[in-house]
Every structure is written in C-alpha cells, then in structure tokens.
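Down below is the structure, laid out as structure tokens.
The values are calculated or read from the model by the stated rules, or taken from the named source; none is laboratory data. Just so it is clear, the model here is predicted, and its values are computed rather than measured. Here the Cβ positions follow ideal geometry from the backbone for every residue, glycine too, while neighbour counts run over all protein chains shown.
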Amino acid sequence: MRGPVNELTPLEKNPPKLSKPKSTAAGIPGVLASFSHSVSNNLVSSIYNLSKVNRFQGFDCPGCAWPDPDNHRSRFEFCENGAKAVADERTSNKADPDFWSNWSVNELSLKSDNWLNKQGRITDPMVLMPNSMHYTKISWDEAFDIIATELASLEDINQSIFYTSGRTSNEAAFLWQLLARWFGTNNLPDCSNMCHESSGVALTESIGIGKGTVKLDDFNKADLIIVIGQNPGTNHPRMLSALSDAKKSGASVISINPLKETGMVGFKHPQKPLDLLGKGVKISDEHISVNINGDMALFRGFSKVIIEGENYDKEFIKKYTNGFNEYLEEVINTDWEEISVHSGVSIQDIKRLGAIISKSKSTIVCWAMGITQHKNSVATIQEIVNLQLLGGHIGRPGAGICPVRGHSNVQGDRTMGINHKPNLDFLSSLTANTGIDAPIDHGVDTVGAVKLMKNNNNTVFLSMGGNFLSAMSDTKLTASALKNCKLTVQISTKPNRSHLVTGKKALILPCLGRTEIDNTSQGNQIISVENSMGVVHSSRGNSKPISNNLKSETAIVAGIALSLENKISRNKIQWHNLSIDYDNIRNLISSCIGGFDNYNNKLRNNGGFYLPNPPRDSLTFNTKSGKAEFVKHNISSKKAKLNQFLMMTIRSHDQYNTTIYGLNDRYRGISNGRRVVFMNPEDIKDNNFEKFQLVDLTSHFRGENRISHKWFVIPYDIPKSNIATYFPESNSLIPLDSVADRSNTPTSKSVIITISKSIE
Ligand SMILES: Nc1nc2c(c(=O)[nH]1)N[C@H]1C(S)=C(S)[C@@H](COP(=O)(O)OP(=O)(O)OC[C@H]3O[C@@H](n4cnc5c(=O)[nH]c(N)nc54)[C@H](O)[C@@H]3O)O[C@H]1N2
Ligand SMILES: Nc1nc2c(c(=O)[nH]1)N[C@H]1C(S)=C(S)[C@@H](COP(=O)(O)OP(=O)(O)OC[C@H]3O[C@@H](n4cnc5c(=O)[nH]c(N)nc54)[C@H](O)[C@@H]3O)O[C@H]1N2
Ligand SMILES: [Mo]
C-alpha cells in the first residue's frame, strides 16, 4: 500500500530573521548572490553558461520573458534571476534511480520544496506502479507503451488532459497540441490560465490582439511609464535596465503597488561598473500604495481627471475607437468619493497623478500578476486600456500597453496553439495542413482540469513541464483530483511535489533543459521562443546533457505519438521526421500559423524577427467594430469586512514559481523562512499580535472555510487590512471556484482571510 503522501509543504519550526527592506536592487549584492548560487552548484560550468545566455548564438534565458535589445547584446545579457535559473538547471546533483530507490514517495513528501529541488536533475524515466511506494527505472519504450495503452483504452477521449508550462519551446509546444488534437481533444490547459489569461481575454476584446503593443525601444521614447502590480526587481530584473535607461532619456516612472518593492525604488546596473559603485538610479518618481485590488477605481480616477480637463485626444478617438460616448458618460457618473474608497487612495493624490498622466505625450503601462489574478481583472485591464485610448497612447512611438509575461515562452506556447479555446481559423488551417480531424469543442482550462479529474476515476493527466499540484489553487482539492487519475505523466527536469501526489500509476519522463545540447541523428538542433514583445528568436543549448538517458521534449512527444499510432486509427503524421529535424516542425508551423513565413531563415538572423502586431504596426484593430473598443464597467473592488483581511500571494526573491532556490527574500529583508504573513503594524497591534506571532489563516468563500496553520506574523509597510503570503505555501487557502470573471484565473491576489493565534 502507498502510505499517506503530504500534498503541502511542511511547516517551519523557527521564525525567519528580519532586516530592513533594501532601497536599491541588484548592484554588487545582486551579482554576488547570483554567483553564490552558481558556486553552490557548479561554478565553472555556470560562468561558462552565463556568458552564453541571450547571446545571438546562445540559449534563451529560462528566467523570464523580458526581451533582449534588438540589435546588440552586452557580454552578459542576464541578471540575477537568469543566473539562478541557469545554475539551477546546470546543477551536478542527480536525482537518479538510486535516489528514487532510497526514498519512498511518502518520505519525500515530508521534505520541503527547497529540498526536493536541491536533489538535482532527474536522469532516467521512472515509473510508480499502483500500490508501490518507490519509483523504479523503466525504459523509454515501456514508458511510451504505458501512456499509449492508457490513452487508447479511454472510454472518452476527453478524459485525457495535456497541460503545458510556459518554458516549452515553440517546436515542442506545436507538436504537443498537434498530438492532443490528432488524438481528439482540446483539453490543453496551461500555466497562462493562472497567469496572464485575464490580459489575453481583455485585450482581445479591446484591441483585437491578446498581446501587448510595445517594443523594447519604445521605453527610450516614452514620457511616462506606469508599472502596476509587478515586482520587476525580483521577477524581471532586466526590465530595470530598460527603466533606468528610459529615465536617463527623460521618462518619468510611476509605480502602483500596495508594497514599495525595492526594484521600483532604486537600481544599480549589475553589468555597468560605474553604476555598481554609485548610489544607483532612482526608478519611481511617484509611488502609490494602492489597496489590493483598488486599481480599477484608481484608473477610473485618472480617466476622470483627463475627461474633466478635456485633455483627451479627440482626433485619435474619432478615427480609431468605438464606444467613447458611453464610456464618457460612465466616467462622469462615477463619483470621486466612490473612486477613493475603492482604491484606498486620496482624491487629492489621484488628481495630482492624473494631471501628470494627462500631460504625457507618450505613456506606456506595464502590469503583471498584481492586476491579472483578481475577480475583476478583465474589467481592470480594460479600464487601463480605456485610459490609454483617451490619450491615443497605442500605436505611437514611446506609447502602448505592456503586459509583462512570466515564463520565458508562455507567449510563444499560445501562439503555437496551446489553448483550450482555439479559434476556428487556426483549427481549419491545422486540419488543412496536417489532415487531422481537429476537434472543435472547447477543452478544459486548469480549473476545469481539476474538476474533470475529480469527477472521473479514469482520467489521464499529462504534463509538459511545470508543477500542477503546487501551482494550482486549492491544493488539497487539486491533490485529490490528481490522485483520482488512472495515470499521471510528468515531463520534467527536477523533482517537485507533482511527482509525489500522483494518479494510480505515474511516470516521470526526464527531458533536456534549455542549456543542453539537443543532438539528433540530423545533428544539433535549435529551438525557438517568443518573448513578451512578440520577437521570435532561436535558442541553442551548449552543455553536455546531465545524463545520456534524457530525451528532448519534442522527442518525447513523438515517442508518445508513435506508440499511440499502433493502438488507434488516425491519419499518418510524420512524427519521426518532425522530431529529428526541427526545421521540419518549423516548416509545418509556417504553413499553419500566420506571421511565420520563411521561419527557418528568419530564425537564423541575429535577434530573430517580430511577429505582426496590427495595433502597433498600423493602428488596425481586429475587433467586432474594427476599431479599438472603449469597454465600460461599473467600478468594483474586493474589500475585507471588519476583522477580515484581503490576502495577496506573492513570490519571494529566492523562488521561481514553485521552485524554491532558497529561503531568503533579500530585498524585503526576510531570511531563512518562507512561512510569513506580511501585516501592517497597526493591524498587528489592533489584533493583539506580536512580531513572529504564530497564527492560523482561514479563508472564507461562499460559506466554505479553508484553514492553514502556523504562519509567522511580520510587521511590514502594507496598507491596513491587506496582508501578503508566499505562494505555493498559501495555495491551499485559495478556493477552486474563486476565479476571475471571464478568464477563470484563480484569484491568487485577493483571498478573504481571518487570522487567529495558533494553538501551540
Ligand atoms: N525570480 C523569479 N522570476 C520570475 C518568476 C519567479 O517566480 N521568480 N515567475 C515568472 C512568472 S511565471 C511570472 S507570471 C512573473 C510574475 O511577476 P510578478 O507579477 O512581479 O510576481 P508576483 O510576486 O506575483 O508579484 C505581484 C506584484 O503585484 C503586487 N500586487 C499584488 N496585488 C496587487 C493589486 O491588487 N494591485 C497592485 N497594483 N499590485 C498588486 C505585489 O505587491 C507584487 O509586487 O515573473 C516571472 N519571473
Ligand atoms: N497562489 C499563487 N499561485 C500561483 C501564482 C501566484 O502568483 N500565486 N502564479 C501562477 C503563475 S503566474 C504561474 S505561470 C504558475 C506556474 O505554474 P507551472 O509552470 O506549472 O510551475 P513551475 O513552478 O514554473 O514549474 C516548475 C517545474 O518545471 C519543470 N521544468 C523546469 N524546466 C523545465 C524544462 O525546460 N522542461 C520541462 N519539461 N520541465 C521543466 C521542473 O521539473 C520544475 O519542478 O503558477 C501559478 N500559481
Ligand atoms: Mo506566470
């Protein structure tokens, strides 16, 4: 029998150490921190590897989706975040078959996420049989056969789920969705569902494309850059170089965030010696400590200032937009008091900043998870677009909208068709070019996937990267759903909790990482990715793979497909030819997806190529009206009632999503602990708590309670009645059905919580 498996990260015994939050990001400590992580892994190969990151002939940094300059590359186009990601992948530690035989899944589940990740790279395909406590080694052919047998025996094809995390290359992603659709399902949930889905839904309706409209170069032409709900110092450090350059070219920066994040205060460029020695560049000219989820009201306030002052771009509005009069009326009818209460910002401050925004000739607005993971996220993003349309700040140099993506190829995966709601043009093109009978019915997203697995005993869940258990909301429910599957398959590089909380049978298929040489019978292959600004470029691994028994993600997809082909009747696809020469995949992509003509040649240009972006390139909007839409909504915000708190779940400086590199959050002054609740000092006093008080958190949703024990209270500069915790630890508190309207994204940044002292 398999004993109990712990689906949650274990509790922490001791409180963390505290120091003052830092006022400057990067600089010498940033560089040293990246190297100390490398040192602890493998210094020589890491330094060699770092010099290859984001060079024209090197590999794409697995750290984030922030773009590189178009025409040049500095010797080290990377940052602390990238350095950690590379060092983490290049570790010499191995989670090999001996490791898996030494530890049962039950024992492993008592270890922390940090410990699991430290065990190193998975070296061989492994299987966990029903009732067994240990993974054992299996051959690739046997593994593929198990998957094919289980898939072929499904009563309903829609009991299969093909999840994708956003590090997957364009080539592997294209094959992955082809496999799912050739088999017959659109069950293609992906990490976007938990990330920028709200941006995609909002922008598609407002401007006719689910992506941003700026190029990196626009940052140097902007008058004003507004950064909302984002912590670039930790999550997109290279963005700080763009912001500091923009400031040198005369731009002002406004930061809107319940927290004063260090990167937004000051920045020292880690690759410029003079910057390192000096005091650093001040980044934000203004910071607004908005209440959690107060942004929609705040932006309504900015629009009101512009409309009251008649400072809008009448010509742009007339020529390029639809719905202005209705929006105008809505704004006039929203009263100031309401705006101030919802946003938590004084009318005076909103008017002062609104006046600055009114004057800007070219404004860029950037946002990330602080905006996308709330109930009203789609409406909030559309309010941001409304403001940009008022000033004509789209399709003009130095202006536009900039949702800053997370995973390094999450945007590319969507472009490749990883989408549970594919558009019909894409499906018919896929059918025309591959002969498959592409299914039309919508598939499940991540929330739908949990429900599907929960309600069926026989689901097969396949995961191309990621850590579904820990990344998803409602950890216990997600765990019970995964355990209900007849088979779960993880295509992974490093051990994580999704390897421990599994279906009746489970497989781990270890793949090459981005830094490794991908050699096939046709020679070394390159892959491609799309960054946050729509540039597609190549990536080439340069290190010897950690084990001889790894396969590339593309080879794994082809292996599953070839095995399945023998068991079901479907049209022939040249899986083998596609998987040995990625030019063949790219030729197929060229014929199926717009903007990729001549893909193979263009990819080999230094820096790659831009995909078409109609709003940016020609002020063309593929919306219902053919114009950019003002979309009006009643203003709303989530508010905690008396004795409740509104909780946001955020990343520390030492984690990459569910991968925990270490236990410090250097910029926020926390070390050696993660189980913390950031709380306003007055709230601490009013509740009779103390610093390091051990508390239990209970979330409340539609009459249901979820409880999580033993968190340490930390006094922090955060608005009253707002609190923050780190994910993934706090995911068990987020109810599965608490999602954003229309995008169905878990509301990871607005969870209603009560706090009580723990019983020791
Ligand atoms: N080192 C590192 N880099 C990463 C990642 C990582 O985990 N580690 N993850 C990658 C991924 S997948 C993603 S999506 C991105 C995530 O990048 P971010 O979105 O920067 O990540 P979060 O830590 O979720 O930060 C959310 C920020 O929004 C603020 N915030 C929360 N709620 C609100 C709100 O209601 N209003 C406003 N205005 N602000 C709010 C928080 O205080 C915090 O500063 O980073 C990517 N890069
Ligand atoms: N509460 C809360 N929950 C959140 C969020 C939040 O802000 N708050 N953020 C959400 C967001 S924005 C996102 S994007 C999701 C992230 O969700 P996921 O993308 O599912 O999770 P990751 O933690 O990025 O996945 C890490 C695992 O990916 C595997 N891996 C790493 N590199 C590779 C590779 O090259 N190939 C393959 N095949 N596998 C690889 C490793 O085994 C590693 O353990 O989490 C979401 N969950
Ligand atoms: Mo993300």
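I'd like the full set of residues that are within 26 Å of the chain's Cα centre (by Cα) and either of a type outside the set (Lys, Arg) or surrounded by fewer than 16 Cβ atoms within 10 Å (Cβ to Cβ) (or both), limited to region 632-655. Let's see the steps before the verdict.
Applying the first criterion (within 26 Å of the chain's Cα centre (by Cα)) to region 632-655 yields 636-639, 645-655.
Hits for region 632-655 are SER636, SER637, PHE645, LEU646, MET647, MET648, THR649, ILE650, SER652, HIS653, ASP654, GLN655.
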Subject >> Residue list for region 586-616, restricted to those being within 26 Å of the chain's Cα centre (by Cα), assigned to a helix (DSSP H, G or I) and surrounded by fewer than 17 Cβ atoms within 10 Å (Cβ to Cβ) >> reply: PRO614
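Return the residues of region 437-447 that are away from ligand 2 (no atom under 16 Å from the Cβ) and under 17 Å from HIS420 (Cβ atoms); say none if nothing qualifies. Working first, answer last.
Within region 437-447, the subset away from ligand 2 (no atom under 16 Å from the Cβ) is 437-443.
Answer for region 437-447, where residues must be away from ligand 2 (no atom under 16 Å from the Cβ) and under 17 Å from HIS420 (Cβ atoms): ALA438, PRO439, ILE440, ASP441, HIS442, GLY443.
Need at least 3 residues that are under 28 Å from MET264 (Cβ atoms) and either at pLDDT 95 or above or hydrophobic (A, V, I, L, M, F, W, C) (or both) per element, so show me which helices (runs of 4 or more DSSP H) inside region 301-372 make the cut, counting only ones lying wholly within it.
Per the criteria, 336-343, 347-359, 369-372.
Given the structure, is GLY250 assigned to a helix (DSSP H, G or I) and more than 16 Å from ligand 2 (Cβ to nearest atom)? Spell out the reasoning first.
On the way: assigned to a helix (DSSP H, G or I): no; more than 16 Å from ligand 2 (Cβ to nearest atom): yes.
Answer is no for this residue.
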Original post:
If we scan region 412-419, do we find a residue that is within 14 Å of ligand 3 (Cβ to nearest atom), under 30 Å from PHE299 (Cα atoms) and within 26 Å of the chain's Cα centre (by Cα)?
Top reply: yes
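Sort through SER738, SER758 and tell me the only one that's out of contact with any Cys (no Cβ under 7 Å at 6 or more places or on another chain) and within 13 Å of ligand 2 (Cβ to nearest atom). Can you show your working first?
Details: SER758 fails: within 13 Å of ligand 2 (Cβ to nearest atom).
Answer to the selection: SER738.
State whether the residues of region 191-201 include one that is within 29 Å of GLY417 (Cα to Cα) and more than 16 Å from ligand 3 (Cβ to nearest atom).
If we filter region 191-201 for residues that are within 29 Å of GLY417 (Cα to Cα), which is where we start, we get 191-201.
Pick out the ones that are also more than 16 Å from ligand 3 (Cβ to nearest atom) and you get none.
No, region 191-201 has no match at all.
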Original post:
Just for region 483-502: of the residues that are over 21 Å from ALA172 (Cβ atoms) and surrounded by fewer than 24 Cβ atoms within 10 Å (Cβ to Cβ), which one is farthest from ligand 1 (Cβ to nearest atom)?
Top reply: LYS486
Original post:
Considering only residues of region 653-678 that are away from ligand 3 (no atom under 16 Å from the Cβ) and aromatic (Phe, Trp, Tyr), which is nearest to THR698 (Cα to Cα)?
Top reply: PHE678
**OP:** Return only the number of the condition from (1) part of a strand (DSSP E or B); (2) more than 19 Å from ILE356 (Cα to Cα) that ILE226 does not satisfy.
**Re:** (2)
**OP:** For region 200-210, indicate whether the set of residues that are at pLDDT 95 or above, within 16 Å of ligand 1 (Cβ to nearest atom) and touching an Asp or Glu at 6+ places or on another chain (Cβ under 8 Å) is non-empty.
**Re:** no
Original post:
If you check every pair at least six apart or on different chains, which have Cβ atoms under 6 Å apart with a residue in region 701-713 that is farther than 23 Å from SER671 by Cβ first and a residue that is at pLDDT below 95 second?
Top reply: none
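Would you check which residues across region 663-690 are buried (at least 21 other Cβ atoms within 10 Å of the Cβ) and either within 16 Å of ligand 2 (Cβ to nearest atom) or within 17 Å of VAL713 (Cβ to Cβ) (or both) and list them?
ASP665, ARG668, ILE670, GLY673, ARG674, ARG675, VAL676, VAL677, PHE678, MET679
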Original post:
Quick one: is ALA242 modelled with pLDDT under 95 and either under 30 Å from LYS359 (Cα atoms) or buried (at least 24 other Cβ atoms within 10 Å of the Cβ) (or both)?
Top reply: yes
